[in-house]
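First comes the structure, then the notes that go with it.
Every read-out reported here was derived from the displayed coordinates using simple, explicitly stated rules and does not represent laboratory data. No experiment lies behind these values; they were computed from the predicted model shown. We place every Cβ from the backbone using ideal geometry, glycine too, and count neighbours over all the protein chains shown.
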Amino acid sequence: MTTLATPRAGHRAPGSTAALALPAAATLLALMNYTAPMAVLTDTAHGLHAGGTARIWLMSSISLGLAAALLALGSLADDHGRRRVFALGAGALAASSVACAVAPTALVFVIGRIVQGAASAALLAAGLGIVAAAFEPGPRRAHATGVWGAMLGLGIALGPIASAGTTSAGGWRVWYWVAAAASVALLAAARTLPESRAARPRGLDLPGLATLSLGVAALVAAITWGRAGWTRPALLVLFAASAVLLAAFTAIEVRRRRPMLDLALFRRPAFLLSITGALVTGLAVIGVMSYLATVMTVVLGLSPLASALVLAIWSGLSFVAALQARRLPSRLPAGQLLGAGLALSAVGEVAMLGLAPDAHWWRLVPGLAVSGVGSGLANAMLARLAVESVPADRAGMGSGANNTARYIGASVGVAIVGAIATGSGDGPSGLAHGTNIAMLVSAVVALAGAALAVALRPTPR
């Protein structure tokens with residue numbers, strides 16, 4: 001295994017074509033798989049005989065694996081080889097997808113989805129680290145990270161459509177066989193990737209890995225379980241365990257000479273912007289958009305496939321906007337562009353207010369379009385900040401930290417949106433009223449995030 005050094009300006013690094021194509025394809029697959037159950041949750045729950053609480057876990061369990069593993073696997077990729085961790089992620093995603101495809105019960109399916117989340121974390125964190133190692137800072141890296149960020153929007157667009165289509169063709173299990181086959185193809189192609197790792201590995205931080213992963217897992221589990229009711233004593237235990245474990249992680253990292261996560265990074269405006277921007281994106285954008293397909297089915301009476309196609313207006317334009325972000329003048333600060341993206345997302349959410357059972361789906365199109373452009377711009381800037389806000393040899397860790405914040409935010413966002421949206425009742429009228437309130441709250445949070453992004457002024461590392 002070799003260490004891929006940062007290429008000189010104007011030179012193409014060996015294997016850079018694969019170093020962009022494969023991480024982009026893996027991100028597309030991971031996000032398609034992440035959103036796949038959105039359009040076919042009813043069919044999946046019926047096939048697994050899942051009740052109300054189990055349905056929440058069918059939809060959200062992958063977030064637990066993602067959030068718990070992203071930062072840890074990003075750090076492992078930096079120290080022990082990004083291609084190696086990428087390949088392990090592809091293999092684990094193939095195996096866990098087969099487990100989901102043949103799952104006889106909801107419990108087996110949920111466990112499979114948690115493992116899928118951890119496998120996807122390896123692909124996302126190591127993949128963006130591979131991109132950062134293969135492309136020098138400047139226009140080529142901005143283009144590459146823009147492509148990687150665009151795959152987030154495209155995956156969200158295609159996941160529900162693909163799962164709805166395969167369900168119509170042969171049942172809800174077919175998608176997981178497709179995901180397994182695609183993962184095997186990624187694993188086979190991974191050998192064409194250049195290997196890269198930190199010049200000075202930090203060593204295996206087992207106490208840090210354990211306390212961080214278990215602490216984040218407890219937090220996400222509590223948030224997910226809380227959607228079925230927030231009064232259970234077990235929830236308090238989970239929240240308390242999360243607080244203790246994350247406090248222990250902080251204490252461990254402060255005392256380590258070469259920590260897995262250097263807490264001094266939080267003094268850097270660029271790193272702080274990367275984390276807070278991702279958190280707000282998950283909280284105020286992914287949270288409400290993840291719920292919108294279900295709302296369109298219940299309130300507007302659309303089929304699951306039709307709801308997925310309407311939502312694809314948002315995610316498809318997010319893909320296009322992220323690809324085009326490289327054309328923006330390089331003199332524009334990433335913080336201002338991220339702020340503009342979050343502000344556009346807020347404007348789009350406000351434009352969708354007025355949802356009602358007698359409304360036509362066209363009513364949502366202008367807001368979905370504006371919000372989609374904002375999401376794409378924000379995704380491109382967040383991908384760039386994730387690798388440029390950390391030392392050059394810690395790109396996997398930077399990607400892991402950024403995406404951990406994104407998916408913790410998404411878990412909290414989905415829980416909050418669900419609670420607000422159903423607060424006025426589960427019927428079409430009550431759900432429409434509650435969704436309008438949730439949309440307005442999300443817009444306010446996105447605007448606050450935009451203001452913070454503009455206020456923080458990243459400086460070159």
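I need the peptides 225-232, 405-412 ranked by packing, meaning the mean over residues of other C-beta atoms within 10 angstrom, with the highest value on top. List each step's numbers first, then the result.
Values: 225-232: 14.5, 405-412: 25.5.
By packing density, highest mean first, the sequence is 405-412, 225-232.
Label positions at Arg191 and His80, each projected 7 Å from the Cα along the C-beta direction, are separated by 2.2 nm. Radius of gyration over Kirkwood radius for the stretch 16-455, both on Cα atoms: the Rg/Rh ratio is 0.94. Rounded to two decimals, the Cα-based Rg/Rh of the stretch 95-189, with Kirkwood Rh, is 1.05.
Within the stretch 237-252, whose backbone N sits under 19 Å from a point 7 Å along Cα→Cβ of Ala210? Label zone hits: 241-252. Each residue, Val108 and Ala251, gets one label point 7 Å from its Cα in the Cβ direction; the gap between the two is 4.2 nm. Taking the average, over residues, of other Cβ atoms within 10 Å as the packing measure, peptides 367-374, 161-168 rank 367-374, 161-168 from highest down.
Using only alpha carbon pairs under 8 Å that are at least six residues apart, calculate the relative contact order of the stretch 248-355 and give it in whole percent.
Relative contact order for the stretch 248-355 comes out at 16 percent.
Counting only Cβ charges, +1 for Lys and Arg and -1 for Asp and Glu, the dipole size of the chain around its Cα centre is about 1340 debye.
Pull out the extension gain between Leu332 and Leu236, defined as 0.36 nm times the separation in residues minus the alpha carbon to alpha carbon distance; nm, one decimal.
Length gained between Leu332 and Leu236: 30.1 nm.
Placing a pseudo-label 7 Å from each Cα along the Cα-to-Cβ vector at Ala356 and Ala95 gives an inter-label distance of 5.5 nm. Rounded to the nearest 500, what is the 222 nm mean residue ellipticity of the chain from helices alone, with -39500 (n - 2.57) per DSSP H run of 4+ residues and division by all residues? Estimated from H runs of four or more residues: -26000 deg cm²/dmol. Residues within the reach of a label modelled at Phe266 (point 7 angstrom out along Cα to beta-carbon, backbone nitrogen below 20 Å), restricted to the stretch 211-237, are 211-220.
According to the square roots a ≥ b ≥ c of the eigenvalues of the Cα gyration tensor, what is the shape class of the stretch 166-293, taking rounded for a/c under 1.5, prolate for a/b larger than b/c otherwise, and oblate for the remainder? Taking the square roots of the gyration eigenvalues as a ≥ b ≥ c, the stretch 166-293 is oblate.
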